Amino acid sequence: MQHNEQPIIEISGLRKVFHTKQGDFTALDGIDLTIGAGDIFGIIGLSGAGKSTLVRCINYLERPTEGTIRFDGMVLGMLSQTELREARRSMGMIFQQFNLLMQRTALGNICLPLEIAGVPRKKAEERARELLELVGLPDRADAYPAQLSGGQKQRVAIARALATNPKVLLCDEATSALDPTTTRSILALLKEINQKLGITIVVITHEMRVIEEICRHVAIIDNSRIAEVGEVEEIFVNPRSEIARRLIFPDGMPVERLGSERCVRIVFDGNSSFEPVLANLVLECGTAVNILFADTKDIDGRAFGQMLIQLPDDELAQKRVFNYLNRTGISHKEESIHA
């Protein structure tokens with residue numbers, strides 16, 4: 001299901017200050033963000049950057065100090081407590097630690113929000129079974145959380161978050177307690193839910209691979225402010241902020257340890273597919289190059305990322321490499337190691 005450009009969440013001038021014994025602490029400052037209906041939108045930042053405070057402000061579990069949050073056309077700060085509770089039913093939430101009730105079965109956990117909303121028991125159970133089917137656990141209805149794996153618990157938590165037919169699913173570090181394989185399966189499930197049900201998904205994470213895997217847009221938060229926002233592909237190919245570069249290349253670019261001066265950074269921007277760019281370059285230019293750094297990803301069957309190659313000392317060979325890159329239209333820029 002394609003997302004449309006109609007915004008479902010609009011945040012403007014958001015500021016959140018916590019008053020502590022040590023003095024005031026500004027967790028968020030001047031946040032402006034628009035999230036389109038049906039999108040999968042990532043919010044990424046290092047620990048303590050303000051991500052979790054932002055998600056708690058979106059559903060008004062935290063009241064902003066300043067600024068406006070508009071959800072589905074409603075200004076949350078202007079709603080009564082009853083209206084706010086009603087609005088929150090349209091925002092499902094899943095957490096890092098699953099937050100399931102240990103004394104309730106999987107079915108019982110999913111029924112809980114429906115019971116709170118006053119849905120008759122029989123109807124609630126029918127809905128819960130449908131949701132267990134959707135998240136791939138139809139045979140685990142009677143299992144207690146202690147009998148489930150981490151991935152299964154998160155699937156139950158997702159089913160519970162979907163119980164009240166929300167328009168938005170807020171995922172706060174929903175995969176960081178899971179191993180990589182389970183993480184991939186949970187992200188695939190979220191993608192499927194977004195496509196099948198058209199639900200907007202907001203993913204809060206500190207892991208760039210989670211963003212790459214499922215998000216279409218991303219906001220990078222650093223020191224309580226938005227450092228960069230845009231399409232995932234665009235930011236991945238051309239990170240403008242220092243924090244974006246740190247998140248995309250967490251191990252840094254190991255360039256300064258090498259002796260040669262002339263390098264070329266080749267940027268895979270989704271146009272080059274998986275042509276053997278380097279092999280063709282070597283064959284056509286008749287020269288060897290040294291790969292100093294490579295980080296490429298397959299997003300929807302297209303190549304994204306960067307590769308840093310060290311050129312030979314021979315000036316003519318260097319010219320041949322540049323001619324080849326220019327002629328084939330491969331995005332690149334020259335860099336010096338000591339720049």
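Worth a mention:
- Amide proton proximity set for H332, modelled H, under 5 Å, gap of 5+: V267
- Taking the number of Cβ atoms within 10 Å of each Cβ as an exposure proxy, the fewest-first ranking of M208, M102 is M102, M208.
- Interchain or long-range residues, amide H under 5 Å from A143's placed H: A106, L107
- Using the Cβ-Cβ distance between K319 and R225 with R0 set to 56 Å, the FRET efficiency from 1/(1 + (r/R0)^6) comes to roughly 0.80.
- DSSP bridge orientation in the chain - percent antiparallel, rounded to nearest 5: 70
- Residue pairs exceeding 31 angstrom between C-alpha atoms, taken from K196/K333; K51/K122; K122/K153; K153/K297; K21/K51: K196/K333; K51/K122.
- For Kirkwood radius over Cα pairs in Å, computed directly from the structure shown, the correct entry in (1) 22.4; (2) 19.5; (3) 20.9 is (1).
- Ranked for footprinting exposure by Cβ neighbours inside 10 Å, fewest first, R209, R184 give R209, R184.
- Here the residues F41, F98, F25, ranked from fewest to most Cβ neighbours within 10 Å of their Cβ, fall in the order F25, F98, F41.
- For a label point 7 Å along the Cα-to-beta-carbon line of S12, residues of the range 27-53 with backbone N under 16 Å: 30-36
- Point-to-point label distance, R63-L101, nm (Cα→Cβ direction, 7 Å offset): 2.8
Read-outs: derived from the displayed coordinates by stated rules, not from any lab. Keep in mind the model is a prediction, meaning the values are calculated, not measured. Don't worry about glycine lacking a Cβ; one is built from the backbone with ideal geometry, like all the others, and counts go over all protein chains shown.
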